[in-house]
Amino acid sequence: MSTDTSTNSPITTRRRGTIQRWSETLIPTLREAPAEAVNPSHRLMLRAGCIRQVGAGVYDFLPLGMRVLQKVSQIVREEMDAAGSAEMLMPAIVPVELYSGTKRDVEYGDLLFKLTDRHGRDAALGPTHEETVTEMAKGSVTSYKQLPLNVYQIQTKFRDEFRPRAGLLRGREFLMKDAYSFHLDIEGNGGLNETYDRMYQAYVNVFTRCGLDFTVVEAEAGPIGGSASHEFMVNADTGEDTILVCPATGYAANVEKCEIGERDWAFAGGGDQPLEKHHTPGMPGIELVVEHLGITADRMLKTIVFQKVGGTKCKWVLATVRGDHDVNEGKVRDAVGFQVTIANEKEAKEAGFAIGYVSPKMASQDDTLLLIDPDATAGTWATGADEKDHHVTGFDWARDLGADLPTKDQQGGKIRVADIRNAEAGDPSPRDASAKLEAKRGIEVGHIFKLGTKYAEAFDFSVLNEQQKKQTVIMGCYGIGVSRTVAATVEMSHDDSGIIWPVPIAPYHVVITVMDPDKPEHASVAEDLSEKLADNGVDVLVDDRKERPGVKFKDADLIGIPVRLTIGDKALEQDSVEFKLRGEEGKGRLVEMPHVVQEALSKLVGG
RNA sequence: CGGGGUGUAGCGCAGCUUGGUAGCGCGUCUCGUUCGGGACGAGAAGGUCGGAGGUUCAAAUCCUCUCACCCCGACCA
């Protein structure tokens, strides 16, 4: 490697690329993937020598994987800095008392990695740092004049997942960028919304620069309401999250949060079928009953029992949806206006609910509300018999529940009709009545959130405003799963031969395959080309191994470097090298020596 | 946490039913022949058979316990 004095200055706008000889680094490629790896990203990153598994959900990043991680981190860093956030670093070890202030030690439960030190003090490995950062800001921000403030860190996070899986996609230890902002107001100059919008744009920039195909979806509304939370989802068929998109308006939301457009409903059932009781022993689930009764799930009612969170006495909430639909707890909460949770089975049974065999008729009980999804109204139904091991057929709302039923003009009583289920493909769009929602799969790589005053209140973090009045600070938080973004990229961008890294986050931009490193002319051409490329900011991997050509080509494809230059006798005879893009078929084309660098640059910069 | 599965050489696997010297392919090392899409020949190294206990003259194999990992589900700011 030559010494370029101009790059030795600490102040420079030039970036010189890296030159790495394959023989001097560690890229242990595997012909076969370990049996436990199932997902494309897991298998390929293992095979490409990017990562190695150490334990469940815990991985080594080998040099190649580390370089990708660094590239993503660097893009994140640049965009965060540009958006006015200041980098800092908080500890991974967080005293558990910090969490008890916000009850998050309870909320997180077993998800929190806990440890005890030699003095018997309890601590946690941070899964995120709202508490730590709030405590830090409380001690450092003493005047409204210091607001707004936005800080971030890129750090290893820990979550003791019940079931780590899919390699880097859901690990127990992962790299995350988390940012937190502090404000006096929500609106206006320096307000939360301004920073939130800036973060939104920064995230769009980050994922666009990473070369990802992604969708921004609306997520849980949060304490402030409105569109106070957005998730950034990489579009990949293997994603764990389902998102729904309105093709007409561009509205997109996570399945858990997705609204459904207006649906018509009525309780007209006919009432011509008799109510008939059936013995259905040991069949609390829909599938078994449906099979036993010889009907389909969309002719059954599913009634889930919820209970009010907090308050002195138990308030029950029944949620009835069609058998093939899923109740959405958040929508139930919104419909009744208070926090709910799935009923404790024991308590519910003591209150008379035959869990697994509950019917809407239980709404006649005291302290019980009934919510009915529009799709579960008209018709004749099979449902539980409110008695263990029994179901009924021929249930008719009007006949069997009668006078208590609401009408479209009269809502708000003990029984209400409301959207309480998860949206599905084909449902009417909430933004355009004529459009139907479409379902896609995605991998969540970013989440921005308007926190409001939850943490500031818990930590009593307030400042004096211009009117000398004490004011609680308003916060926002913004996360990017850096290691997950790397894995999501591979899920999205690979073929049968291996990974296809987008140029901006590829570990190297160019791999120079030296056919015979023992031949001086091969070696010197490789040397010359890599120097010129590096001078132009290109990261170069020189495959100088004494391997057969086939092995080198297969490995180059596997590790997914965007441009491959092959140096061999055939091309050298014509003073050329072979030029091939990772996605292209075949051997590539000859490019004359003087044009190689320019050709590589144009392909790399162009896309 | 419920259900299922797997632990035998770096990776992929056989052997276990019916107990008796631990095997195959790939990879690794040496020598030779090869050399443009995972070569060929000859030779070599490498294994507490996940761990502990038990049965037995004898355990990878049978029994008990235990640990780890994976998959499905549940869960997932």
Condition broken by A:ALA82, with the remaining ones in (1) open to solvent by 70 Å² or more (accessible area, probe 1.4 Å); (2) outside the structural domain of A:ILE154 (by TED's automatic domain parsing); (3) more than 16 Å from RNA strand B (Cβ to nearest atom) satisfied: (2)
Of all residues making up the range A:44-62, the number that are in a helix (DSSP H, G or I) and either assigned by TED's automatic domain parsing to the domain that holds A:ARG484 or under 20 Å from the mean Cα position of the chain (by Cα) (or both): 1
For A:LEU125: the one exception among (1) within 24 Å of the chain's Cα centre (by Cα); (2) open to solvent by 50 Å² or more (accessible area, probe 1.4 Å): (2)
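Here's the yes/no breakdown for (1) assigned to a strand (DSSP E or B); (2) within 15 Å of the chain's Cα centre (by Cα); (3) surrounded by 22 or more Cβ atoms within 10 Å (Cβ to Cβ):
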residue: A:TYR152; (1), (2), (3): yes, no, yes
residue: A:GLN155; (1), (2), (3): yes, no, no
residue: A:ASP160; (1), (2), (3): no, no, no
residue: A:ILE186; (1), (2), (3): no, no, no
Selection within the range A:188-197 - within 20 Å of the chain's Cα centre (by Cα) and surrounded by 14 or more Cβ atoms within 10 Å (Cβ to Cβ): A:TYR196
Residue count for the range A:237-251, restricted to those that are under 14 Å from A:PRO40 (Cα atoms), open to solvent by 10 Å² or more (accessible area, probe 1.4 Å) and not β-branched (Val, Ile, Thr): 2
Conditions (1) away from RNA strand B (no atom under 13 Å from the Cβ); (2) open to solvent by less than 50 Å² (accessible area, probe 1.4 Å): number failed by A:PRO95: (2)
Hits in the range A:450-476 - residues which are of a type in the set (A, V, I, L, M, F, W, C) and open to solvent by less than 40 Å² (accessible area, probe 1.4 Å): A:LEU451, A:ALA456, A:PHE459, A:PHE461, A:VAL463, A:VAL473, A:ILE474, A:MET475
Subset tally (residues that are aliphatic (A, V, I, L, M) and more than 21 Å from A:ARG21 (Cα to Cα)) for the range A:42-71: 4
Number of positions in the range A:400-449 that are modelled with pLDDT under 80, more than 25 Å from A:LYS315 (Cα to Cα) and open to solvent by less than 20 Å² (accessible area, probe 1.4 Å): 0
Single residue of the range A:354-369 satisfying the filter (crowded, with 19+ Cβ neighbours inside 10 Å and among the aliphatic types (A, V, I, L, M)) that is modelled with the highest pLDDT: A:VAL358
The range A:536-567: number of residues that are assigned to a helix (DSSP H, G or I) and more than 9 Å from RNA strand B (Cβ to nearest atom): 1
Which numbered condition A:ASN150 misses (of (1) within 16 Å of RNA strand B (Cβ to nearest atom); (2) more than 30 Å from A:GLY17 (Cα to Cα); (3) at pLDDT 95 or above): (1)
Residue tally, condition acidic (Asp, Glu) and under 16 Å from A:PHE207 (Cβ atoms), over the range A:469-515: 1
Selected residue [within 14 Å of RNA strand B (Cβ to nearest atom) and polar (S, T, N, Q)] from A:SER576, A:SER602: A:SER576
Long-range neighbours under 7 Å by Cβ, at least six apart or interchain, first residue of a type in the set (Ser, Thr, Tyr) within the range A:119-146, second assigned to a helix (DSSP H, G or I): A:THR132/A:LEU98; A:THR134/A:TYR455; A:THR134/A:ALA456
Residue in the range A:527-535 that is without any contact (Cβ under 8 Å) to a residue 60 or more places away in the chain and near RNA strand B (Cβ under 8 Å from one of its atoms) present: no
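The values are calculated or read from the model by the stated rules, or taken from the named source; none is laboratory data. Because the structure is a prediction, the values reported are computed rather than measured. Backbone-built Cβ (ideal geometry, glycine too); neighbour counts: all protein chains shown. Surface accessibility is based on the protein's heavy atoms, side chains included, excluding ligands, DNA and RNA. Shrake-Rupley method; radii C 1.70, N 1.55, O 1.52, S 1.80 Å.
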